[in-house]
Amino acid sequence: MTCLSAFHWVDASAGLFPQVRVNRGGFSCPVINMMRVITAILALCLSLCAAETCTDPAISPSSYTTTDALISSETVFIVELSLACANGAQSVALYADVNGKQFPVTRGQDVGKYQVSWSVPHKQASSGTYQVKFFDEESYSTLRKAQRNNEDVDAIKPLFSVNVDHRGAWSGPWVSTEVLAALIGILVYYLAYSTKSAIQA
């Protein structure tokens, strides 16, 4: 039953008043309309919150990279930062890009705190400076679209960037300790034998 067919007028002595019959679902049409309005308002609020942008970002970054290859199978990169926006935005969704690969950025419990991490095999983590580009939702959407269409992604400006210096991961000495100990033992034996031979001569 539609709202129009359920709608009729009744005489309430003082005049005609509209009355709505209950439809099959048990809800009157005004209730359904009200629910639709509330749903639309909630959807609008969610979209506005999700689209919160940051203007003139000020950041305080710090980074960590694996320096000892003996304790792990991969080199880990971690970037932590504090973000402050000139417009006071606090719920900014961020995405990170490193050498064409995107990683999700985790929002910390404290306002303005963010962290992103990734790992690569030691052989692929050469020493040097890695540029980490951070995008908001709008610029990240543009970046993904450019990648799908094989367009120039370098033309897309990130919200901000952070440089991470990686010195490389130490994989241990070139000569194992067992071999080094054997060489030292041979050297000591040779010196002792040479000294003994010189004394006997």
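The values are calculated or read from the model by the stated rules, or taken from the named source; none is laboratory data. Treat the numbers as computed from the prediction; the structure is a model and nothing was measured. Here Cβ is always computed from backbone atoms with ideal geometry, including for glycine, and neighbour counts include all displayed protein chains.
Among the residues of the stretch 101-124, what is the count of those that are in a strand (DSSP E or B) and either farther than 11 Å from E80 by Cβ or of a type in the set (A, V, I, L, M, F, W, C) (or both)? Show your work before the answer.
Step one: filter the stretch 101-124 for residues in a strand (DSSP E or B), giving 101-104, 106-107, 113-121.
Right, trim to either farther than 11 Å from E80 by Cβ or of a type in the set (A, V, I, L, M, F, W, C) (or both) and you get 101-104, 107, 116, 118-121.
Total meeting the criteria: 10.
Show the residue pairs meeting these rules: Cβ distance below 7 Å; 6+ apart or different chains; first residue within the stretch 141-162 and in the same structural domain as Y114 (by TED's automatic domain parsing) and in contact (Cβ under 8 Å) with a residue 24 or more places away in the chain; second residue surrounded by 12 or more Cβ atoms within 10 Å (Cβ to Cβ) and assigned to a loop (DSSP other than H, G, I, E, B).
Close Cβ pairs satisfying both conditions: L143/I156; L159/C54; L159/P57; L159/D136; F160/P57.
Checking P104 against (1) exposed (fewer than 15 other Cβ atoms within 10 Å of the Cβ); (2) over 14 Å from the mean Cα position of the chain (by Cα): exactly one of these is not met. Which one?
(2)
Do you know which residues across the stretch 58-92 are at pLDDT 95 or above and closer than 16 Å to Y140 by Cβ?
L83
Looking at the stretch 108-131, I want the residues that are in contact (Cβ under 8 Å) with a residue 40 or more places away in the chain and have a partner that is surrounded by fewer than 15 Cβ atoms within 10 Å (Cβ to Cβ) and basic (K, R) with Cβ atoms under 6 Å, at least 6 apart or on another chain. Which pairs are those?
Hits for this filter: S127/R167.
Out of the stretch 158-171, which residues are under 16 Å from Q102 (Cβ atoms), not in a strand (DSSP E or B) and not hydrophobic (A, V, I, L, M, F, W, C)?
P158
If you check S127 against the conditions, is it closer than 15 Å to F77 by Cβ, assigned by TED's automatic domain parsing to the domain that holds G88 and surrounded by fewer than 16 Cβ atoms within 10 Å (Cβ to Cβ)? Spell out the reasoning first.
Values: closer than 15 Å to F77 by Cβ: yes; assigned by TED's automatic domain parsing to the domain that holds G88: yes; surrounded by fewer than 16 Cβ atoms within 10 Å (Cβ to Cβ): yes.
Yes, satisfied.
Inspect the stretch 125-140 for any residue being part of a strand (DSSP E or B) and on the phi > 0 side of the Ramachandran plot and give the result as yes or no. Step through it out loud before you land on a result.
From the stretch 125-140, those part of a strand (DSSP E or B) are 128-135; that's our starting set.
Still in the running and on the phi > 0 side of the Ramachandran plot: 128.
Scanning the stretch 125-140, I find at least one residue that is part of a strand (DSSP E or B) and on the phi > 0 side of the Ramachandran plot, so the answer is yes.
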